[in-house]
Amino acid sequence: MTHAPPALRIAHVSHSYGARQALDDVSFCVERGRFAVLLGLNGAGKSTLFALVTRLYATRDGAIEIFGCDVARESSEALRRVGVVFQARTLDLELSVVQNLVYHAALHGVGGTEAKRRAEAALQRAGLAGRAHDKTRNLSGGQMRRVEIARALLHEPRLLLLDEPTVGLDIKARAEILAHVRDLVDREGLAVLWTTHLIDEVKESDAVVILHEGKTLAIGTAAAIIASSGAQNIGEAFERLTGVETANGGVG
């Protein structure tokens, strides 16, 4: 019996910026319908990995596959299956919320009535249906993040990548964004790779990859990593693995 490939497979990926090694032989998978956390300090290599997955940078060493499609050889087909929310905000603040979504849909070949239908459904799902015609600049930081998540899902991908999506948000907004994405996994079966340096965003049942100085130090559920390191919680496990003290819910 043939097993379906994982949502994301990273195999022996390395990447350098000149003499600086940003990623060193990184390998892990994100299974279908799973919420996975890439946990590491700022500068650990998380954003570099995202840039490789999304083809902002070309992969020179190793392989990356999205639902079995090689990102280097089948870029269009692979990237059609993934939605991305980058750390930096990328909405056009002068457009309305729905205009941002419809414009993005057009980039994926979805136009007219179908684009409007998908945009309205996405905003309903994000709890922002009442803000569709507001200027984007009038939204809060948390609401803007919800719009970016809605936008990333317009072309109906089955894998969602989020690079430090709660940076700059207050505690309430952080919790709401995290709950919203976890709900998408539970209700719609999305696979998610959520990168963060914030320990308190990790649940013990989450699949976790600890990335430190470009290397994977641990892969497994948070509970398994805690147990194997003899720690009491994921923050303590991170400290033991990396030698870096955690504080205030974060690791960097």
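For residues that are among the aliphatic types (A, V, I, L, M) and modelled with pLDDT under 95, scanning just the range 200-252, find the one that is surrounded by the most Cβ atoms within 10 Å (Cβ to Cβ).
Among residues in the range 200-252 that are among the aliphatic types (A, V, I, L, M) and modelled with pLDDT under 95, the one surrounded by the most Cβ atoms within 10 Å (Cβ to Cβ) is V251.
Among the residues that make up the range 193-203, is at least one of them assigned by TED's automatic domain parsing to the domain that holds T48, part of a helix (DSSP H, G or I) and of a type in the set (K, R)?
The answer is no, given that none of the residues of the range 193-203 is assigned by TED's automatic domain parsing to the domain that holds T48, part of a helix (DSSP H, G or I) and of a type in the set (K, R).
Considering only residues of the range 25-50 that are surrounded by fewer than 17 Cβ atoms within 10 Å (Cβ to Cβ) and in contact with a His (Cβ under 9 Å, 6 or more places away or on another chain), which is farthest from R187 (Cα to Cα)?
So the residue we want is D25.
Can you say whether A36 is closer than 16 Å to T196 by Cα, in the same structural domain as V208 (by TED's automatic domain parsing) and touching a Phe, Trp or Tyr at 6+ places or on another chain (Cβ under 9 Å), as far as the supplied structure shows?
Judged against the criteria, A36 is a match.
Do we have any residue at all in the range 23-38 that's at pLDDT below 90, out of contact with any Gly (no Cβ under 9 Å at 6 or more places or on another chain) and not basic (K, R)?
Scanning the range 23-38 turns up no residue that is at pLDDT below 90, out of contact with any Gly (no Cβ under 9 Å at 6 or more places or on another chain) and not basic (K, R).
I'm trying to understand the selection: among the residues of the range 46-85, which are hydrophobic (A, V, I, L, M, F, W, C), assigned to a loop (DSSP other than H, G, I, E, B) and modelled with pLDDT of 90 or more?
F67, V71, A72
Quick one: is E114 among the acidic types (D, E) and either modelled with pLDDT of 95 or more or in a helix (DSSP H, G or I) (or both)?
Yes, satisfied.
Each row is one residue, and each column tells you yes or no for (1) assigned to a loop (DSSP other than H, G, I, E, B); (2) among the hydroxyl-bearing types (S, T, Y); (3) without any contact (Cβ under 8 Å) to a residue 12 or more places away in the chain; (4) in contact with a strand residue (DSSP E or B) (Cβ under 8 Å, 6 or more places away or on another chain).
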{"position": "A106", "(1), (2), (3), (4)": "no, no, yes, no"}
{"position": "R118", "(1), (2), (3), (4)": "no, no, no, no"}
{"position": "A121", "(1), (2), (3), (4)": "no, no, yes, no"}
{"position": "G127", "(1), (2), (3), (4)": "yes, no, no, no"}
{"position": "I149", "(1), (2), (3), (4)": "no, no, no, yes"}
{"position": "K172", "(1), (2), (3), (4)": "no, no, no, no"}
{"position": "A175", "(1), (2), (3), (4)": "no, no, yes, no"}
{"position": "H180", "(1), (2), (3), (4)": "no, no, no, no"}
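The values are calculated or read from the model by the stated rules, or taken from the named source; none is laboratory data. It should be emphasised that the depicted structure is a prediction, and the values quoted were computed from it without experimental measurement. Note: ideal-geometry Cβ built from the backbone for every residue, glycine included; neighbour counts use all protein chains shown.
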